[in-house]
1. Quick check: anything in the range B:622-632 assigned to a helix (DSSP H, G or I), crowded, with 24+ Cβ neighbours inside 10 Å and at the interface with chain A (Cβ under 10 Å from one of its Cβ atoms)?
2. Say whether the condition of being within 16 Å of the ligand (Cβ to nearest atom) and either within 11 Å of chain B (Cβ to nearest Cβ) or not β-branched (Val, Ile, Thr) (or both) is met by at least one residue in the range A:199-215.
3. Looking at the range A:216-244, which of its residues are among the charged types (D, E, K, R), part of a strand (DSSP E or B) and away from every other protein chain (no Cβ under 11 Å)?
4. For a quick check of your reading: which strands (runs of 3 or more DSSP E) sit entirely within the range B:74-140 and have at least 3 residues that are touching a residue at least 24 places away in the same chain (Cβ under 8 Å)?
5. Please work out if B:ASP26 is part of a helix (DSSP H, G or I), within 14 Å of chain A (Cβ to nearest Cβ) and either crowded, with 20+ Cβ neighbours inside 10 Å or not β-branched (Val, Ile, Thr) (or both).
6. Taking the range A:169-178, which residues are facing chain B (nearest Cβ under 8 Å) and among the polar types (S, T, N, Q)?
7. For the range B:342-378, enumerate the residues that are crowded, with 21+ Cβ neighbours inside 10 Å, more than 22 Å from the chain's Cα centre (by Cα) and away from chain A (no Cβ under 14 Å).
8. For the range B:561-583, which residues satisfy the criterion of being at the interface with chain A (Cβ under 7 Å from one of its Cβ atoms) and assigned to a loop (DSSP other than H, G, I, E, B)?
Amino acid sequence: MIRPMSYDWGVFVLWRWVMKDKLLTMQNECIESVTQAGSEQALEEIRLKFLGKRGELTSILKALGSLPPEERKETGMLANSIKSKITTAIEAREQTLIAEKSVIEGEFDLTVPGLIPESGSLHPITQMCYDLNDAFHSMGFEVFAEDEITSELYGFDHLNFPPAHPARESMDTYWLEGSENETGAKRLCLRPHLTGASVRYLKKHGAPARFVYPGRVYRNENTDARHERAFFQYEALIVDRNFSFASGKLLVKTILDKVFGRDVDVRMRAGFFPFVEPGFEIDMKCLVCGGKGCRVCKHVGWIEVMPGGTPHPNVLKAAGLDPLEWSGFYINVGLDRLVMMRTGVDDVRMFHSADLRFLSQFK
Amino acid sequence: MKFSYNWIREYVELPANLSMKQLSYDLTMRTVEVENTENLADALDQIVIGRIDSLESHPQADRLTVCKVDVGLPETVVIVCGGINLAVDMKVAVALPGSMVRWHGEGDPVQVKKTVLRGIESYGMICASSEIGLHDLFPGSDDREIMDLTSFESPSGTALAEVLLLDDQILEIDNKSMTNRPDLWGHYGLARELSAIYNKQLKPLPTAVVAHTPSGFPVEIDETDRCNRYIAAVYSGLKYEPSPYWLQLKLWKVGLRPINNLVDITNYVMLVTGQPTHGFDKGHVDERIVVRNARSGEKLEMLDGSKLELSEDDLVICDANKPMALAGIMGGKADSILPETSEMILELAKFDPTTTRRSAQRHGMRTEAGVRNEKGVDAERMDQAFGVADQLIRELIPGAKLTAYEDCRPIHVTYPEIKVPLSFLNVRLGRELDFNAVAATLKPLGFGVAGNSEDESVLNIRVPSWRGTGDIDLPDDILEEVARMIGYENFDFIPPQITLERAIRQRRIETERAIKEYLAFRAGFQEIFTYPWIADQYLKAAAIDPAKCLRLATPPSPETSHLRSSLVPGMLEAIARNLRYYDSMKIYELTQVYEPGISNPSEEAETLPLMRRKLAAAVVGKDPVKVFREAKGVIELMPRIVQTEALNFIQKDKPDWADQKVWLNIVSCDRVIGTIALLSAQTMHSADIRKTMAAVIELDVEELEPLPSRENKYRPLPQLPLVEQDFSILVDRNVKWREIEDLISGMVRSYAFIEEYTGKQVPNDKKSVMFRVWIGSDTKTLTAEEIDAESQRILKKIRKKLGGEIRQSNS
Ligand SMILES: [Zn+2]
């Protein structure tokens, strides 16, 4: 520690000269180290070294009291100005360091994967079904669920299937044991299609009506990648007065636009199904080639997606409606196939596999 | 079915510039789906007829011959050939370089190139019929016997397709799209349809020329509901030989193999009219033709060599003694056309479609005749078919003579006349048509269209016989005919006018979706689907009484005949299968189960079994306490998320698949609606679920009571902070959390179970229970002393009631 010696003027002058030089050197040294301080901790160390209780500048300021008033004033002003400069420099540096710093010290590997929220998922067919329900809901369609076991009366008779239609036989339909030799209302089966539900709904609610009735249907057949014994259909029906089949496209477009997320061109052509008259095969323009023809569409430019048509008068009669007053439009689409088209699933049997390696892909 | 375009054009002159693309489009939009069109000549590009000029043995290969062949070029070309029947001046098919052939008639076509064969350059190849896809038209003994075209007069170098008259488009029509149109199963029917589409005249078919009045032939129909008309036409002076090339060609082009002139004639008639016919050797027919049901056990060897054992469900054509043919499907081997046949009975008949279909199915015989008969032919078409047959027999066999003719027709079918109001058509079509416009679309199809004498706005429409077999009998059917002939592509979309009455509110439907989404999105479960038929193994593992399950008459397999009355067996199977890849999982299924009983959803006469929608879910993992608590938590939270009445738990009815100790019934509005339980050791063993634990939930979704609206209620936030205190107490092992809960619930603002512990540092008969409470006051902030006093009060109460001992307490 430097002590001024008041008894010798010459020494005093020398001291003053030395003092001033020392203060300025200290200032430069300090500001230099502040500029180079790489952390808040280093900065704090600098602050303590110069401005702490026993810091170098603090000591000089403390010693000022023993100087003659004139000297005290001059050196004091210089020291205080240096203190202020240093303080400002430290604060400025601190701001810079805060602005530049990360909350993490050291390395951080940004390529480590995030923590995925634990979640399950709906079955891909349920997802598709709900997507379509939402679309139809927005147009005021109700959702109807029929029981899975039905009778020949509702599965065939009411739907204008001729008495000897092949679908009524046991090689096509799963009849229940004990009822297989009965007929009509007494002959029970796992429903072979959804259409019977339309008669149940109309009988209960009457017309006009707008509703969808998705669900699982059953066919007795050998299975392979494209054939299943249990599969899902989605059927929609609108019944109203003076309804032209030319309005039926609304139902078709509602489905396809929802599934494919864009406006899809459709065409309706002649097709035959017992419960409709006229009946249609409904095609969509091939999305792969845009209608020019490619392997996917077998070079036709169109892909058959669903049947549809106006409810047959016998079906309306079975539902208690006068076919001269009421008309409408059905469409029926295979949900399994839609999901296969949308996701690329290549084996329809996957849907009932309950295999989590498959199902978890649809989260 | 395949159609020859040239053949169709024998009956109707179509527009000269009509492209196959346009024709396919028009037919597909209006009538039937054209799957493919193919010009037979395309496959024979660069294949020409050639004449062998000279032959020489190949110097280095015994089996090869070096041929100089005239292929219409200025000089003969050299072709090395392995054929065994080569001769100078023989005419042969030459595949020039660039053409496509199948080596030895097998595999995909490959391109022919100039090649050096054992040192000699060969300019293409001389073909066996199988190598260029003509085997059925030119059957050779083996692939080394080359096609002999010497009888064709075309000059060398002429394209083979031209020589063989193969420049023809073959239309392939989707059979499924023709099932309801029996009239289209012959070329004349399709020609009629095209004549209507393109507004061209349909030419008439020949009618039978009966030069003299032949005598009759005895025909008896025993089963008139299975056969309502049978024509037997007896021809003598016949000669069994190959058909002329043009006839063979016609059959071959549409996929039938030419056999001999008599059989080919019957097939030709069918391909023109759609009416199947059959020929019997008259020498084999004893006395008469009888159409009757087969006798049980009766045997018949068929033309294809198969031996059938018949039943009374089969209809057969017999003579006085024996069956000779399975009606409408196939003839018997012994009595049909034979090489020695000189006298033939030609059969033209209408058989019941269902009988035909069932017989064909029973005996596994799909034949061209059967396919047509099961669609139903109209009786009038038989006359057309006879006309075509008679003309062809006379043309092909100059000595042929119709010696007897019998038309046995016990029942005359009448065809409908339909009254169609014009207004009906106009409203449903969405456009204005007058009488003439409707007539213009229908008449070319053969409909009779007349005005109604009483009411001008109504049309009287007479249905032609070939459309009257069940296809058309209502005004709506006429509407379809008119619409499709106008062309569906010509109807613009008409936006439907809809009346809005109210918003849709379907609480049960919404609740079900809410449950599924809650489980999938919040609770982390994966939705699965399983089949409704249950494998016996899992039915047994779930200890479900098979007698209380419905069964399928013809199940997918013998061991999956029971339908599910519970979703648990399906869960067991899903768990067992997935354990190969996962040691923990959370899965659920929500669908219908069935039980014997009676329900009448739509009408009294229809009695369906009992059906309920159920939810099953499983939490699978190593730690039984954890999986059970997870499953329980899922049900505890569900009513709040899904918005149904609260669910509670009791032990009342243990399902047989549940563990002895760890099970709870789920209660809603005082009714037991389901169960949460660990799977019993027995169930896991039977279901092959090993080295893991599973908590399974099953509940009846229809018993949940959806709330009419959301019922989450607001509680004002506490004005002053609550104090959180954790307690850890040591109590007897048999003390239930519920007892602790009952003691503290009235003393604190809220509380929560944290954990239960047994093990080291805890005596054997004790357990440590840790819980947290929140205490507070509405009027002031509690002091440390007040908090401590409150804690002491709680502990004192527990000690008094449960003998608990404090292990620690901290705040
Ligand atoms: Zn395409």
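1. Scanning the range B:622-632, I find no residue that is assigned to a helix (DSSP H, G or I), crowded, with 24+ Cβ neighbours inside 10 Å and at the interface with chain A (Cβ under 10 Å from one of its Cβ atoms), so the answer is no.
2. No: zero hits.
3. A:ASP224, A:GLU235
4. Those strands (runs of 3 or more DSSP E) span B:77-81, B:91-95, B:120-122.
5. Yes.
6. A:SER170, the sole residue that qualifies.
7. B:MET344, B:ILE345, B:LEU346, B:GLU347, B:LEU348, B:ALA349, B:LYS350, B:ALA369, B:VAL377, B:ASP378
8. Scanning the range B:561-583 gives B:TYR581, B:TYR582.
The values are calculated or read from the model by the stated rules, or taken from the named source; none is laboratory data. Here the structure is a predicted model, which is why all the values come from computation and not from measurement. Reconstructed Cβ throughout: ideal geometry from the backbone, glycine too, with neighbour counts over all protein chains shown.
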